[in-house]
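Each reported figure results from applying straightforward, stated rules to the coordinates on display, with no laboratory input. Computed from a predicted structure; not experimentally measured. We place every Cβ from the backbone using ideal geometry, glycine too, and count neighbours over all the protein chains shown.
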Amino acid sequence: MKIAVLLKQTFDTEDRIVVKDGAVVPEGVTYIINPYDELAVEEALRIKEKAGQGEVVVISAGDGKVQEALRKALAMGADRAVRVDMEGLAVDEAIVATALATVIQEGGFDLVIGGWRAIDDGSAQVAVRVAEQLNLPQLNVVTKLQIEGGKAIAWREIDGGSEVIEAPLPALVTAQRGLNDPRYPNMKGIMQAKKKELKTVSASSLLPAGATAKVKVLETFLPQAKAAGKIFKDDPASAVQALVSALREEAKVI
């Protein structure tokens, strides 16, 4: 089985993020594999290992720094990687998805796996756009996955329980927390990753003529810091009255 994994490099949200001139300041920020995409890498490796054969190809769109995340995926056990060079292009989710879809279509993959969203922008668009462009059935926000009999069987959480859905291969699956626990690269994997293929292709060679981004980020900012909470220490009757007044006049929630 030939499996493509969609991977995005993001900043670690545990870091102290600084925004200046409408962009995240890169100095002092740790960049990581998007956690949901890391679940996708792990799941692809498990499927290959269970089958005893196959190939896992990790694909990412971005600048040269993305190679760090791709090398980590290779160290985890992926067979090779492809970086779609987006430098110099105005991009949005549609442009990224089109470029990735072209790579996948040319590769002839049986299964495509990615995270259901990225933790930096939270748009949850790229993977499903890839599926739509390639006319692939999609199983989204998956917490358990089985591949058998030429089809993908997936479990996902719904209100009050879970549901089981299935689709014939080739298909696209997006990973949710709970799908697995990603492995840590060992020293052998890290050394082997240095010798594995990491190919770079230009996005301009993958996009149709005249393709342009239709969405532009106008502003990036951090949310306002939360105000300190209030504690009402009067007798119960007075405290309740003060609380209701604060909820109505200050918080304006009632």
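Here are the numbers:
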read-out: Whole-Hz ³J(HN,Hα) from phi, Karplus 6.51 cos²θ - 1.76 cosθ + 1.60, for region 70-76, glycine and proline x; value: 5, 5, 5, 4, 5, 5, 5
read-out: Burial order of peptide ranges 62-73, 139-150, 237-248 (average beta-carbon count within 10 Å, highest first); value: 62-73, 139-150, 237-248
read-out: Simple Cβ-charge dipole of the chain, Lys/Arg +1 and Asp/Glu -1, about Cα centre, in debye nearest 20; value: 540 debye
read-out: Correct choice for Rg/Rh (Cα atoms, Kirkwood Rh) that was computed from the model, options (1) 1.08; (2) 0.98; (3) 1.04; value: (1)
read-out: Long-range amide H partners of Val142 with built H, under 5 Å; value: Thr174, Ala175, Gln176
read-out: For region 241-254, 3J(HN,Hα) per residue [Karplus equation, 6.51 cos²θ - 1.76 cosθ + 1.60, θ = phi - 60°, Hz, x = Gly/Pro]; value: 5, 5, 5, 4, 4, 5, 5, 7, 9, 9, 6, 6, 9, 9
read-out: The chain, helix-only ellipticity at 222 nm - DSSP H runs n ≥ 4, -39,500 (n - 2.57), divided by all residues, nearest 500; value: -9000 deg cm²/dmol
read-out: Residues whose placed amide H lies under 5 Å from that of Glu55, excluding near-sequence neighbours; value: Lys2, Ile3
read-out: Per-residue ³J(HN,Hα) for region 26-42, Karplus 6.51 cos²θ - 1.76 cosθ + 1.60, θ = phi - 60°, Hz, x for Gly and Pro; value: x, 5, x, 9, 8, 9, 9, 5, 3, x, 5, 6, 5, 4, 5, 4, 4
read-out: Burial order of peptide ranges 153-161, 116-124, 209-217, 43-51 (average beta-carbon count within 10 Å, highest first); value: 43-51, 116-124, 153-161, 209-217
read-out: Order of Leu206, Leu7, Leu74, Leu89 under a 10 Å beta carbon neighbour criterion, fewest first; value: Leu89, Leu206, Leu74, Leu7
